[in-house]
Structures are given as C-alpha cells and as structure tokens.
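Notes to accompany the following structure.
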Amino acid sequence: MPEIGIYDSSLRLEETVIPSPNSVDLARSIGTDYVNRFSNSTPNVAEIFHLNSKVLRRSPIEVPPDREVLYQARDWFYRESYGLSEEDFVPEHADKVRILYQQLESPAAGFLHECAFEPRLSGLLHSVNIFVLKGNTLLKVLPRRDFLWVERNLDAELMQRLSGAFDQHSSRPDFASSTTVFLVGSFWRYMKFFGARGYRMVLMDCGELAHEFEARVNAVRYENFFDAEVDEVLLLDGVEHSVLMALVIPNKGAEVMP
Amino acid sequence: MNIKPSADQVQSVQEEKYLVNPHLRIVYISDDEIAVKHSGRSPSSRAVRDEGGTKVLGSVLRALTVPRALSELIHSGVVSESKRADLEGLVAYLLEEQILLKEGQDVVEVYLRSILGGKQALSAVRVAVVGSGHLGSRIAEQLIRLGIGALEVMDDRRVKRSEIDARYFTLPRALLQPGSSYAENLATHLRTIGTAEVGARLNAVHDKEALRQLCASSDCVVFASEHPGSVAFHAMNEVALELGTPWLAVSMDGSEATIGPLFLPGQSACYNEYEVQAESSCWGVKDEYLTYREAMARGDLGSEHLSLPSYSDIAAGLAATALMRFLIGGKAILLGRSIRYDFERLSVDTEEVLRLPRCPACAPLRAYRHSYL
C-alpha cells in the first residue's frame, strides 16, 4: 500500500495551463495578464485590492466585529430619507416624482415591493440601491416606502446610449419589452465603517440580492457592460455609486432572452 | 457605579499605602461623585458615583494626594471608624479602576496600563536598536526611560570628531572620546539611567549574520539611521522576513525625518514594498533623488550626515511612542504607514504603504498554491 495516499504518483493533478516562458505576447489581454503575472511590473489592481483589504490584528484601523454599527446607520437612513406622506404630494402632478407599486406594470413589481418592505431584503438596500427602468422612466426603489421615486425620464438618445453600453453581448437587453433592474453599489456606506473591507461586503450584499431576484423572478443577468456609460445614464458618479449588475425581466407575454 | 468589593479585594487593602494615580485629575462633584479626567479631551474620562451614599469617596481621594495607609485615614479623622468597611471596599474598587495606586508602583507602567490600556508589561520585552548614532541613541534612551526590560544596541562606528558628536549626541561629553565605540558609549550611558539589561554589539549595521542573531534574541528591532541608504535597510528586511521579527524603520536625512513604517513580516508591507512606493511618489525630483540614493549607497557623499538635535529628538520621541504602543499590545500606529517630517519646509506627511502582490522580497515567502489546485 503506497504511503503517499495515492496509488499512482505519476497521475497528474492538473494539466499545464501556463504556456512556455518563451511565448511572449506583446498585446495586453486578460490572458496575458494571467500568464505574465509573476513578472508583471504593474500588478493587477484586483490583487492589490484583495491583498490590502485584509483585516490585520494590530492595525490601527478599528474594524467592528459585526454589522451592528451598520444597522444603526441604516435604520437612521431608512427612517429619515424620503420621509414623504401622501399629503406631501400634489395630487395632479404626483406621478412626475413618484409612482406606486400597483402602477408598475411588471412581473417584477411584487418582488420589488418585497425588496422595499421584507426585513431581510430591505436590509440589503443600504449598500445596494435598486434602479428600475420601465419604459423610458428610471425609478428608484426606496426602502420602507410604498412608492418608487422617479429619478429621470430618458429621451431617445439616452436610451440609445444605454443600449450601446451592452454592446459586447450577443443580444442587448430589449428595454422596450422588459423591465430592467440595475443593482447599484453605494460603497462608502459600508467603507466608512469597515474601510476597504466594506467594499467586499457591498459586493456580497449585491450577490445576495441578485440571488433572491433570480430565485423569484424570471430574469436575465448582465454582469458585463461598459460601466461608465451605464453610470452616466443613471446619473451616478461611478465612485460613490456605481452600477454592479443589470437584471432584465421580460414583460408579460414577452420571451425570456437566452 | 455600584461599589461592592469582593472579600479578596478587601483583604488586599489592609496596610498598604495608597495615593491617587498621578496621571489622573479628579473633579469633585460631591462627596459621593467624581469625574475622573486624564486630560480635557481624553477618551479615558469617566464618572464614578458611590450609589451607597457613604460620603467616603470625595474625602478619601482628597486625602490621598500623598501616600497614606487606611489606618492613617481613620486615625486622622478623614473617615470614621464606623465606616472602615466602606473605606476598605471603596479602596479596593478604586485600585481595580486604577484611580488609586499602591505606593512604589512604577508610574510609567501605571500610565501604560491605566490610560493606554496596555496588556503587556514593557519590563518583559527585549528590544534591539540597530544604529547607535545621534538618532538611534536617542531612541534607545527613550525606550529605557519607558521601562523596556532588555535592550541591545549595535553599531560599528566610532567617535571621529568629538566636538561635533558632543553637540549632536545627548550622551555625556566624557564618554565621547575619539576612537571610542558608539555602541559601547551608548550602552554605558543607558546603564546609568535604568535597570534594564543592556548589551552592545560592535558589528556593522548591514552585517546580516549579526542582524540575524539580534533578531533571534529580540521581540522587536528598531533600525535607526542618519544615513538612509538602501543597503542596510534591505539587509534588515531580508533577515526580518526570514525570522518573522517585527521591526521599525526610522531615518534622518538632513532636515527630513521618516518615522516608520513598522513592519510585521507576513502581514504588512515589507521594506522593499515601502521603498518602491516612496520612490514612485517622489515625483518632480525623482531623477536627482535616485542619483542621490545611488551616491549614498556608494558612500561617496563626502560629508557626515548631520541633522539638528531638535529634529532627532522629535523623530526619536515619535518612534519610541509608536514602538511602545505596539509592544504593550495595543494598535501598531505605524503599521503600513510612515510619517515624514520635513523641517526645512515645516511640513508633515503620512505615507500609506500598500502591499504589492508580487514583491520580490516578501512574496516568495508567502505560501503559494496554483490557482487550479
């Protein structure tokens, strides 16, 4: 019986995936970044972030042991922001600034309402804002409010730019026959308490929200797009707030995109 | 706050002499309530109230500005005999809160514990100081005055021009005889000001074998240089990474003082990562800066490297403070960060130092695993 725990020590545990060092690719690509990473004089930004967002035992930066401090800030934010009651709206023109969930004719309406009110899901809206594009109206889901805020009406040119931001996909989202949900990270809401570590936590919250979305609504996920172009249409600065993911939900009767 | 001592606490307060912690100031609100302050904005400020209303708290603290035993307080009428039990309970509580001390306690140690929340006694710590020049000697002296248990200094330099050294060192002039060793002079001086075990090595500061021995026998190393060439710092970095020894870099360069970073091998950026980033951030004068560093490495600068004593004092004070905070088990305020004083421009900068994923000095020592295994 071999003592090393494997019968045939000549079995290969992996295939060679790194080409010979003699192979030099002058055009930079993700693939060459991977291959050349041991000698790359400009290290990958993701590696730098990951290496420098570790929690160190003796760091002078106090990292809270749990999310309690976040929850206190979140509760204040939820209580105070958009604290409008029905009397605050001008009845004839209220639809210019808000629409009610029952007015949102979309298969996602019920779930978006849950996101605003269901305790666990609404808790995620501290780090992740949900923007909704219905027709050419850009709306924002407000935690614990029974209306969606009208952020912007997109004209034909903006709609065209938004569509163009998904150019690298084989099929672009069809905004006309679907509701598009943008998950937008609001990073400093966590980073002001957890530093760089907070950035990771926002990504994890976004993942949790996306998971719930896909479990309950028939949605197509878009993770790669030209970020800056989407941010610009959504009026996001790309730093404090930046879009992380788009979920496209076909309207009733429309086909789900592959 | 309810003052209820345990039986053990009461037992321990019988005949000792006590006094108010000299690092605290007591604001008397009433006989049963005080505010304990360290400074106007100190986070360690707190209120103490005797819920039992025994009226002993205020009068006892007023009387204990000088060391006194409890029996003296009773005999002198500060507290009546009928309140002896209240007095004993109160004193036990105030000792636990470090508002009162026993006579003879080390007041620096008391400060480190009561104000900074220190967990580790400095008297149990061994530190090495590499470089016994104008800067290193000051840091070593500060550490001795803070109560370091054992200190070893290392330097192979000797006094050449005693007039200049007499002006720039804080050592007694009598020690600075031409030809005498910096390290031995410093060790002699340190033995006169503290009880710490002090040793001296007469090796060059870039001697890796000597650095290896020094790191192996120390909890932490300070590398202090008035001549901030790269060679010695890289040698220290290599040895520290090999042995996992924490170390602090401190250097003077004319009117510039750089304190930190503190390097924790395996956790923080290493010296190479620091140097890469320090050089990168030197925009505008980068070419001449690099030329200067090369000349420094060759040792042909043609003059001694002098920094005003007052500049060295500031750098040494800050270095000793940062190291002390680290050694008592607190936060390492210079971890991944250096502070640069430019006394010529009168500016202070902090430099945040990132870890670099493939640093040739420290990355090879990290455990590596193929990304598909």
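Net charge of the neighbourhood of residue B:86, taken over other residues with C-beta under 10 Å away and scored Lys/Arg +1, Asp/Glu -1, is +1. Charge dipole of chain B (Cα centre as origin; +1 on each Lys and Arg Cβ, -1 on each Asp and Glu Cβ, all else neutral): 320 debye, rounded to the nearest 20. Taking every protein chain into account, the accessible area of the range B:7-105 amounts to 51 square angstrom per residue (probe 1.4 Å). Specify the residue with the greatest mean-square fluctuation among A:31, A:83, A:110, computed from a Gaussian network of chain A linking alpha-carbon atoms under 10 Å apart. Largest GNM mean-square fluctuation: A:31.
Based on DSSP H segments of at least four residues, each scored -39500 (n - 2.57), chain B has a per-residue ellipticity at 222 nm of -11000 deg cm²/dmol.
Computed from backbone phi, the HN-Hα couplings of the range B:242-253 come to 5, 9, x, 8, x, 8, 10, 9, 9, 8, 10, 9 Hz, rounded to whole numbers (Karplus: 6.51 cos²θ - 1.76 cosθ + 1.60, θ = phi - 60°; Gly and Pro given as x).
The listed peptides B:33-40, B:308-315, ordered by packing as a protection proxy, come out as B:308-315, B:33-40 (highest mean of other Cβ atoms within 10 Å first). Note that the range B:72-84 has calculated 3J(HN,Hα) couplings of 5, 5, 6, 5, 7, x, 5, 10, 7, 4, 5, 9, 4 Hz, one per residue in order, obtained from phi through the Karplus relation 6.51 cos²θ - 1.76 cosθ + 1.60 (θ = phi - 60°); glycine and proline are x. Beta-bridge orientation, the range B:214-369: approximately 75 percent antiparallel, per DSSP, counting only bridges with both partners inside. For the range B:349-370, a reduction of at least 10 Å² in accessible area between the chain on its own and the assembled protein chains (probe 1.4 Å) is found at B:354, B:355, B:356, B:357, B:358, B:366, B:368, B:370. Each Lys and Arg Cβ is given +1 and each Asp and Glu Cβ -1; about its Cα centre, the range A:68-250 then shows a dipole of about 420 debye.
Is the protein assembly as shown best put as rounded, prolate or oblate by its Cα gyration tensor, with a ≥ b ≥ c the root eigenvalues, rounded for a/c under 1.5, and otherwise prolate when a/b is larger than b/c, oblate when not? Oblate, because a/c is 1.5 or more while a/b does not exceed b/c.
The listed residues B:206, B:305 rank as B:206, B:305 when sorted by accessible area, largest first, using a 1.4 Å probe.
Heavy atoms only, probe 1.4 Å: what % of the accessible area of the protein assembly as shown goes to carbon and sulfur, would you let me know? Here carbon and sulfur together make up 52 percent of the probe-accessible area. Think of a 1.4 Å ball rolled over the protein heavy atoms: the range B:122-365 then has 42 Å² of accessible area per residue. Estimated from helical segments only, the mean residue ellipticity of chain A at 222 nm is -9500 deg cm²/dmol, where each DSSP H run of four or more residues counts as -39500 (n - 2.57). Buried between A and B is an accessible area of approximately 1900 Å², summed over both sides with a 1.4 Å probe.
Per residue, the average separation of C-alpha pairs within less than 8 Å and at least 6 apart gives chain B a relative contact order of 14 percent.
Surface analysis of the range A:159-258 yields an accessible area of 47 Å² per residue, using protein heavy atoms and a 1.4 Å probe.
Farthest toward the positive end of the dipole of chain A, out of A:43, A:220, A:32, is the Cα of A:43, where the dipole comes from beta carbon charges about the Cα centre.
Beyond 25 Å in Cα-Cα separation lie the following of the pairs B:37/B:83; B:83/B:119; B:37/B:102: B:37/B:83; B:83/B:119.
Accessible-area loss of 30 Å² or more (1.4 Å probe, protein heavy atoms, chain alone versus all protein chains) is found in the range B:305-343 for B:331, B:335. Between B:251, B:42, B:268, the Gaussian network model of chain B with springs among Cα atoms under 10 angstrom shows the greatest mean-square fluctuation at B:42.
Residues considered: B:327, B:176, B:95. Largest GNM mean-square fluctuation over chain B, using C-alpha springs under 10 Å, is found at B:95.
Between the residues B:310, B:364, B:170, the greatest Cα displacement towards the positive end of the dipole of the range B:122-365, with unit charges on the Cβ of Lys, Arg, Asp and Glu, is found for B:170.
In the range A:92-193, the convex hull through the Cα atoms has an average projected area of 8.0 nm², a quarter of its surface area.
Accessible area per residue was computed with a 1.4 Å probe on protein heavy atoms; residue B:350 scores about 80 Å². Each Lys or Arg adds one and each Asp or Glu subtracts one; over the other residues with Cβ under 15 Å from the Cβ of residue A:69, this totals +1. The aspartates and glutamates whose alpha-carbon is closer than 20 Å to the alpha-carbon of residue B:55, local same-chain residues fewer than 8 away aside, are B:31, B:32, B:33, B:72, B:81, B:86, B:88, B:96, B:97. The chymotrypsin sites (Phe, Trp or Tyr not before Pro) of the range B:261-300 that meet both conditions, a loop assignment by DSSP and at most 10 other Cβ atoms within 10 Å of the site Cβ, are B:283. Simple point charges give the picture: +1 on the Cβ of Lys and Arg, -1 on the Cβ of Asp and Glu, and for the range B:235-373 a dipole about the Cα centre of about 800 debye. Counted by Cβ distance under 13 Å from residue A:225, the other residues give a net charge of -3, where Lys and Arg count +1 and Asp and Glu count -1. Summarising the strand pairing of the protein assembly as shown, around 75 percent of its internal DSSP beta bridges are antiparallel. Considering only the Cα atoms of chain B, their convex hull presents on average a projected area of 24.8 nm².
The values are calculated or read from the model by the stated rules, or taken from the named source; none is laboratory data. None of the values given here were measured: they were computed from a predicted structure. Virtual Cβ from ideal backbone geometry, glycine too; neighbours counted across all protein chains shown. Quick note on the areas: whole protein, heavy atoms, side chains included, nothing else; ligands and nucleic acids left out. Shrake-Rupley method; radii C 1.70, N 1.55, O 1.52, S 1.80 Å.
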